[in-house]
Amino acid sequence: MTEITLMVHQDENAVFWQKHPRMFNHDDTGTGKTMSALAGYRASIKGRLLVIAPLTILRCAWGQDTDKYLPNFSWAVAHGTPQKRMDAFTSTSDIVLINHDGVNWLAENLDLLSGFSHCVVDEYTAFKNRATKRSKAMYKVASSIESLCLMSGTPNSNKITDLWFPSFLLDEGVRLGNNFFKFQQSVCEGRSVPGVMNAVEWVEKDGARDVVANLLRDITIRHSREDCIDIPKNRMYTLQVDMPPAVMKQYKELQEESILALDEGLITAVHAGSRTKKILQLLSGAVYDTEGQIVKVHPHRYKLVMDLVEARTHCLVAFNWKHERNALVYIAKERGIPYAVIDGD
């Protein structure tokens with residue numbers, strides 16, 4: 001087996017998971033939490049590993065990092081039809097990757113978790129709302145696995161109360177209590193909303209974050225990027241997006257024929273330079289027809305970009321075409337992500 005070369009903080013994370021089977025990893029984005037989790041799993045293997053993460057990074061982050069750092073470990077993606085998900089779990093793969101929404105299906109098939117000893121939830125803030133179907137399903141899954149690592153670089157970027165349910169997943173209320181409303185009253189104060197009858201706004205109390213941090217300190221590890229002196233100042237890496245078969249067919253058709261017939265219009269490329277530009281547009285998510293109108297093709301790259309944005313406190317995103325700008329702005333609004341656009345207008 002190829003030896004994993006860990007940075008100091010990653011080694012600390014791996015050891016921490018060994019000592020604390022149910023833990024938070026709040027390392028800054030870009031510090032290599034994926035590798036830390038894989039190393040922690042390898043150091044204390046008892047069974048298989050379940051990874052729950054955004055769909056867009058299952059293959060391009062977790063799959064690729066597994067191939068790179070654990071080349072002798074096999075992995076499978078549980079996504080698509082129920083049969084495809086079932087095939088991933090019933091395979092001999094050491095690691096099974098499933099997306100956040102796939103947890104709903106998994107909670108109805110808990111017997112598939114037999115043989116799994118470890119679970120990593122990447123960007124666990126997807127389960128911060130205790131009342132959603134997805135969060136309730138996550139509780140069933142979390143209760144079925146011994147070692148659980150919840151990861152996020154932005155754990156309470158909005159409200160301190162967002163930490164209650166993830167903490168409950170780890171210890172069932174030992175540290176923050178088993179009643180959300182009691183916790184909310186302890187860290188926030190209710191204030192009447194002016195002009196709205198019977199409406200109450202919960203405002204965080206001074207020092208509440210420090211109190212909660214102290215309560216969770218024994219099961220939480222965190223390294224800021226500035227503290228990780230062995231991380232290069234600038235680090236570049238590439239995430240590959242798997243194109244659906246239909247999009248790959250369109251790509252090959254445009255590449256070979258210089259013409260592509262879509263339901264929304266006809267795409268033509270009169271020379272090699274034009275064809276290259278159209279292909280790049282197609283892979284980015286949309287192309288322009290002969291009238292200059294935007295023809296949408298697929299949202300996969302947009303979603304990956306915005307998933308990466310959500311994992312960071314601040315982010316700068318560069319784009320080439322207006323259709324990319326429009327799509328990114330649409331997703332930002334849909335997800336409630338504050339944004340600003342610089343495009344020369």
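Observations
- Principal-axis analysis of the Cα atoms of the chain puts helix 33-43 at an angle of about 60° to the longest axis.
- Computed with a 1.4 Å probe over protein heavy atoms only, the accessible area of residue 81 comes to about 70 Å².
- Rounded to the nearest whole Hz, the Karplus-based 3J(HN,Hα) values (6.51 cos²θ - 1.76 cosθ + 1.60, θ = phi - 60°) of segment 212-219 follow the sequence 5, 4, 5, 5, 9, 4, 5, 10, with x at glycine and proline.
- Each Lys and Arg adds +1 at its Cβ and each Asp and Glu adds -1 at its Cβ; summed about the Cα centre, segment 63-170 shows a dipole of about 460 debye.
- C-alpha long axis of helix 300-310 to longest principal axis of the chain, angle in °: 30
- Value at 222 nm in deg cm²/dmol, rounded to 500, when DSSP H runs of n ≥ 4 in the chain each add -39,500 (n - 2.57): -11000 deg cm²/dmol
- Charged-residue dipole, Cβ positions (Lys, Arg, Asp, Glu), the chain about Cα centre, Debye nearest 20: 360
- Given charges at beta-carbon only (K, R positive; D, E negative), |dipole| of segment 31-124 in Debye: 240
- Heavy-atom surface analysis with a 1.4 Å probe gives the chain a carbon and sulfur content of 51 percent of its accessible area.
- DSSP beta bridges confined to the chain are antiparallel in about 30 percent of cases.
- In this structure the amide hydrogen of residue 220, modeled in the peptide plane, comes within under 5 Å of the amide hydrogens of 24, none closer than 5 places in sequence on its chain.
- Summed residue charge, Cβ within 12 Å of residue 59's Cβ, Lys/Arg positive, Asp/Glu negative: -3
- Cross-link pairs exceeding 19 Å between alpha carbons, from the set 303/333; 252/303; 68/233; 84/249: 252/303; 68/233; 84/249.
- Cα gyration tensor shape of segment 57-175, rounded if a/c is under 1.5, else prolate or oblate by comparing a/b with b/c: prolate
- Label sites at residue 202 and residue 114, each approximated as a point 7 angstrom past Cα along Cα to Cβ, lie 4.0 nm apart.
The values are calculated or read from the model by the stated rules, or taken from the named source; none is laboratory data. It should be emphasised that the depicted structure is a prediction, and the values quoted were computed from it without experimental measurement. Note that each Cβ is placed from the backbone with ideal geometry, even for glycine, and that neighbours are counted across all protein chains shown. Quick note on the areas: whole protein, heavy atoms, side chains included, nothing else; ligands and nucleic acids left out. Shrake-Rupley method; radii C 1.70, N 1.55, O 1.52, S 1.80 Å.
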